[in-house]
Amino acid sequence: MLILPTYNKFFNWNRMYDLKYDLTRTLKLDFTVNSKANIDEPAGKLSKSDPLYKEKMDTIWQNVWDFGRVTSYHQTVGLNYQVPLNKIPIFNFISLNTRYTGNYDWTSAPLALRHLGHNIQNSNSRP
């Protein structure tokens, strides 16, 4: 009995973005994104002798130009405020900071279970 070969094709594309910006001298913003995506490829072997080779390569390149199929996404937004107590001479030795952080997560359902939907969650904290 002949066993046909199988091909595991995993082309993952991880993207990370980080933005930090001082809105004012005492108010600072930071924004971070982590995203994971898969570049889906047609099943089977890629061979130039295959009559569908050009169509398969076009499918792969279209997935690359679409930045892949996102499987997970995580975003964090932070806002930091430093109360300018040093402007008051009697309190110039005291510092007071407050921070707000918000998170958002999205996870894609597996391709075989798309009818069940995706998973989304968020959170925030204010110390």
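Just to be sure I understand the filter: pairs with C-beta atoms under 9 Å, separated by 6 or more residues or on different chains, first member in the range 1-26 and farther than 30 Å from TYR81 by Cα and at pLDDT below 95, second member exposed (fewer than 10 other Cβ atoms within 10 Å of the Cβ) and hydrophobic (A, V, I, L, M, F, W, C). Which pairs pass?
Hits for this filter: TYR7/ALA43; LYS9/ALA43.
Picking from GLN82, GLN75, which residue would you name as being closer than 30 Å to ASP40 by Cβ and in a strand (DSSP E or B)?
Among GLN82, GLN75, only GLN75 is closer than 30 Å to ASP40 by Cβ and in a strand (DSSP E or B).
Go through the range 12-57 and give me each residue that's in contact with a strand residue (DSSP E or B) (Cβ under 7 Å, 6 or more places away or on another chain) and either part of a loop (DSSP other than H, G, I, E, B) or hydroxyl-bearing (Ser, Thr, Tyr) (or both).
Within the range 12-57, TYR17, TYR21, LEU23, THR26, THR32, SER35, ILE39, ASP40 qualify.
Does the range 89-105 hold any residues that are touching a strand residue (DSSP E or B) at 6+ places or on another chain (Cβ under 9 Å) and either of a type outside the set (A, V, I, L, M) or at positive phi (or both), and which are they?
Listed by number, the residues that qualify are SER95, ASN97, THR98, ARG99, TYR100, THR101, GLY102, ASN103, TYR104, ASP105.
Could you tell me which of the residues TRP106, TRP61 is assigned to a helix (DSSP H, G or I) and either modelled with pLDDT of 90 or more or surrounded by 12 or more Cβ atoms within 10 Å (Cβ to Cβ) (or both)?
It is TRP61.
To keep it simple, each residue is scored yes or no on (1) surrounded by 13 or more Cβ atoms within 10 Å (Cβ to Cβ); (2) of a type outside the set (Gly, Ala, Ser); (3) at negative phi; (4) more than 24 Å from the chain's Cα centre (by Cα).
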residue	(1), (2), (3), (4)
MET16	no, yes, yes, no
LYS28	yes, yes, yes, no
LYS87	no, yes, yes, yes
PRO110	no, yes, yes, no
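Return yes or no: is THR98 surrounded by 13 or more Cβ atoms within 10 Å (Cβ to Cβ), under 28 Å from PRO127 (Cβ atoms) and modelled with pLDDT of 90 or more?
No; evaluated as a whole, the condition is false for this residue.
The values are calculated or read from the model by the stated rules, or taken from the named source; none is laboratory data. Fair warning: this is a prediction, and the values are worked out from it, not measured in the lab. Cβ coordinates were reconstructed from backbone atoms using ideal geometry, including for glycine residues, and neighbour counts include every protein chain displayed.
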